[in-house]
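Worksheet for the structure shown next.
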Amino acid sequence: MKKLISYLFLFSVLASCTKEVKIDIPGYKAELVVDGNIETDGHPVILLSQSASVYSESYVETYIESFVADAEVKIVVDGDTTLLEYRLLSEFPVSTQIRFAEMLRVEYDEIQQLPIRIYSSSTLKGEVGKNYELIILYKGKTYTASTSILQPTSLNSIQWVLEEGSDEYGLLKAKLTDQEGQFDAYKYDSRRINTQANGEPLDFTFRAGNGGGRFFRDRYFDGLTVDLTFRNPQKKKDSTINDDFKRYFRRGDSVIVKLSKLDKNTYDFYRLKREQLESNGNPFATPVNAKTNIKGGALGVWAGFSPAYHVVYCME
């Protein structure tokens with residue numbers, strides 16, 4: 001707080017010693033933002049909004065008011081068209097609600113408290129090998145995107161390995177054989193399924209920690225077998241866990257590891273999005289514009305994921 005006050009004081013002094021310059025800020029034009037995905041055996045989940053102006057007096061209020069309710073959203077697969085429904089999140093299956101919480105990287109109980117409406121379908125589910133074309137009609141414009149659910153790649157093996165110097169905490173060690181001669185990208189998530197004292201699972205949603213470890217590609221191991229290390233990404237506050245092992249899995253944990261395949265356009269979007277977040281506020285960073293696979297002038301992504309699941313019991 002003292003630094004902030006000092007900065008404001010210095011700014012006011014400098015401002016009093018300079019000539020006032022008026023700058024005309026060009027008019028702001030909102031753009032449609034798409035955040036949607038579909039995965040194997042999952043219903044499509046799509047949130048539409050309009051980009052908010054950074055010059056808005058109330059950014060939070062502007063963001064809440066930016067959700068788009070009057071679009072027509074369709075998905076075409078194998079020549080069949082499904083018109084998506086726009087309803088409260090709570091009116092869709094629990095699996096869809098959990099997936100949406102995972103999209104926003106928040107807890108399931110937190111998302112239930114928000115009156116959010118999304119576009120989805122209770123009948124359409126993702127299938128491996130299918131291509132999904134997204135069509136959005138909004139204010140006289142048409143936006144399109146296409147994504148595929150690829151053949152999943154399973155881990156060769158995975159096990160819990162005790163950390164040196166500990167008899168209670170360890171990391172997950174895995175082996176993965178990549179397919180040779182093609183672009184392959186992956187996403188890692190995990191969820192602990194052992195229960196708490198109240199009978200509920202430790203984690204309702206799959207999550208992954210921040211940083212590049214969540215999304216990775218085979219640039220340096222095309223066609224090779226590689227060793228992978230997975231940390232515990234969950235952010236549950238547990239005073240019984242040693243502070244030195246906050247990102248470790250504990251003896252007795254039962255963990256589902258979810259390794260998903262994704263296409264190049266989807267990977268490029270999330271890679272550049274991560275770089276943009278990591279460079280935010282760095283005056284020496286090269287500006288990064290996140291790619292989009294949405295055609296027609298919208299921002300965002302329409303992503304397809306094909307997960308392979310592995311259950312790990314943390315015990316010797």
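What follows draws every value from the coordinates through simple rules; no lab data is involved. Just so it is clear, the structure is predicted and the values come from calculations on it, not from any experiment. Counting neighbours? That spans all protein chains shown, and the Cβs are built from the backbone with ideal geometry, glycine included.
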Given pairs K74/K141; K130/K295; K246/K273; K74/K273; K141/K291; K130/K175 and cut-off 23 Å on Cα-Cα distance, the over-length ones are K246/K273; K74/K273; K130/K175
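So, counting K/R as plus one and D/E as minus one, what does the shell of residues with Cβ under 14 Å around D263 add up to? Present the calculation step by step, with values, prior to reporting the outcome.
Details: positive: K130, K187, R217, K261, K264, R271, K291; negative: E39, E133, D184, D218, D268.
After counting each charged neighbour, the total is +2.
Please state the charge dipole magnitude for the range 125-249, taken about the Cα centre, from unit charges on C-beta atoms (+1 on K and R, -1 on D and E), reported in debye and rounded to the nearest 20.
Working: 19 positive and 18 negative charges, 158 e Å.
Charge dipole of the range 125-249: 760 debye, to the nearest 20.
Residues with beta-carbon under 12 Å from that of S254, excluding S254: net charge, scoring Lys, Arg +1 and Asp, Glu -1?
Numbers: positive: R191, R192, R250, R251; negative: D203, D253.
Residues near S254 contribute +2 overall.
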The simple spin-label model distance between Y220 and K130, using points 7 Å out along Cα→Cβ, in nm, is 3.8
A student applying the Cα gyration tensor rule (rounded when a/c is under 1.5; otherwise prolate if a/b is larger than b/c, oblate if not) would label the range 93-239 oblate
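With 10 angstrom as the radius, rank V312, V34, V226 by how many other C-beta atoms surround their C-beta, starting from the fewest.
Working: V312 21, V34 24, V226 14.
Ascending Cβ contact count within 10 Å gives the list V226, V312, V34.
Grab the beta carbon distance between S90 and D244, set R0 = 35 Å, and tell me the FRET efficiency rounded to 0.05.
Working: r = 40 Å, r/R0 = 1.14.
Efficiency, rounded to the nearest 0.05: 0.30.
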Taking r as the C-beta separation of L114 and T82 and R0 as 22 Å, the FRET efficiency to the nearest 0.05 is 0.30
